[in-house]
Amino acid sequence: MPAAHDQPSGMLAEASESGTSVEAAAPIGTFDPLSDVLRTVKLKGALFFMVDATSPWCVEVPHARDYADIILPNARHVVSYHVAAEGEGLAGILGSDSVAFAAGDIIVFPHADPYRIASAPGVAPGLDREQTLRFFRDVAAGKLPFVVPTGGGGPPQAKFICGYLGCDLSPFNPLFAALPRLLHIRRPSGGHADLLDQLVALTMAEARAPRAGGESIRLGLSELMFVELLRRHLETLSAEEPSWLAGLRDPKVGRALALLHAEPARSWTLDRLASQAGLSRSVLADRFARSVGETPMRYLTLWRMQLAARLLSDGSAKVAAISEEVGFRSEAAFSRTFKKVTGQSPAQWRRAAQSPRTES
């Protein structure tokens, strides 16, 4: 770590036990850390289509590194999800146990793993690896209809909406780090229509009546659907479950996260953050670490590195300017911290961003 005298401004008092002045509470209003993370990691819809399957049916998808550049050029990471509109089936990462899903359920593969979705155990996939990659090419090129048929032609039938999105995974994506390799989100009990149902209905309406601009509408729906399924997952978590999303559910930890995301370049200290979150220094440190998995100041450092990585990748601003924008008083301290977190200097990161690859 950098020496104390050239640490980033938000870490100046991390090792100090007391004596820090406390500023008035920052007016964060309705600032939303989840939206901030999704925006900063550049979540973007890549493919969106519906599968109309008749039994027996099976789809096997290889590791995302094999098709990321096909569906979204320069994608660094790909996440896929599947919403069961009708019917049921089995889904699982290749080599692992499968889970059964029913209509209204959602299956998410956040970590680019190869996976399988099928009507029953032991069903052979309809396409081999090369045919699957060709399928992705054709969908990405607009050569296939939105609704794609598959399977052996018998009952029962299943329909599921497939979304593929690109994003940045490193240097720090707290959202995806918090998700399991396979996320199964079950339909809420009670059967009441919710926003996800409305988005599915809009998707079906677009499929029935194709119009100009349909691809943009569908990719927008893909992104909205993914955010809504994250919110549905968030509602099922307890504050005791250690994850970044669980931290959002804790009112005090959630406020601390909102404060850090609203003003990441501010000269935060643990004392100042605790005061504005409405907790003592020790209680915030304990609750934050148990929920999020990092200390508040370590989290701030990692998030600043994510912001810096985006700025380095997206523009030509000088390292000194980026250093200041993410809250460092010293360019040298920023460069040391960036390399410690990412394994690359800022200049190396910027060069590598010109030819990014999918991360696993």
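Only the coordinates and a few stated rules stand behind these numbers; no lab work does. Predicted, not measured: the structure shown is a model, and the values here were computed from it. Because the Cβ atoms are built from the backbone with ideal geometry, glycine has one as well, and the counts that use them run over all protein chains shown.
Summary of computed values
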| item | result |
| --- | --- |
| DSSP-loop chymotrypsin sites (Phe, Trp or Tyr not before Pro) across the stretch 154-192, with at most 15 other Cβ within 10 angstrom | none |
| Degrees separating the helix 129-140 axis from the principal Cα axis of the chain, which is the longest one | 80 degrees |
| Cβ-based exposure ranking for M204, M305, in which fewest neighbours within 10 Å come first | M204, M305 |
| 0 to 90° range, to nearest 10: angle between helix 281-292 axis and the chain longest Cα axis | 20 degrees |
| The chain, helix-only ellipticity at 222 nm - DSSP H runs n ≥ 4, -39,500 (n - 2.57), divided by all residues, nearest 500 | -12500 deg cm²/dmol |
| The stretch 38-236 - charge dipole about Cα centre, Lys and Arg +1 at Cβ, Asp and Glu -1, debye rounded to 20 | 360 debye |
| Listed residues Q198, G151, S238: farthest to the positive end of the dipole of the stretch 113-250 (Cβ charges) | G151 |
| Net charge of neighbours whose Cβ lies under 14 Å from the Cβ of W57, counting Lys and Arg as +1 and Asp and Glu as -1 | -2 |
| Karplus-derived 3J(HN,Hα), 6.51/-1.76/1.60, for each residue of the stretch 182-189, Hz, glycine and proline x | 10, 10, 10, 9, 7, 4, x, 5 |
| For D52, distant residues with modelled amide H under 5 Å away | V148, T150 |
| Computed magnitude of the charge dipole of the chain (debye, nearest 20; Cβ of K, R +1, Cβ of D, E -1) | 660 debye |
| Set of aspartates and glutamates with alpha-carbon distance to K252 below 20 Å, sequence-local pairs under 8 removed | E14, E23, D32, D36, E235, E240, E241, E263, D271, D286, E294 |
| Aspartates and glutamates whose Cα lies under 13 Å from that of K143, excluding same-chain neighbours fewer than 8 positions away | E215 |
| Lys/Arg +1, Asp/Glu -1 at C-beta; the stretch 38-236 dipole; positive extreme among G45, A100, P62 | G45 |
| Angle between the chain longest axis and helix 214-236 axis [Cα atoms, degrees, rounded to 10] | 60 degrees |
| Selection of GluC sites (Glu not before Pro), the stretch 218-292, meeting DSSP coil and at most 16 other Cβ within 10 Å | E240 |
| Dipole of the stretch 38-236, positive direction: furthest Cα of I185, P210, G89, with charges on the beta-carbon | P210 |
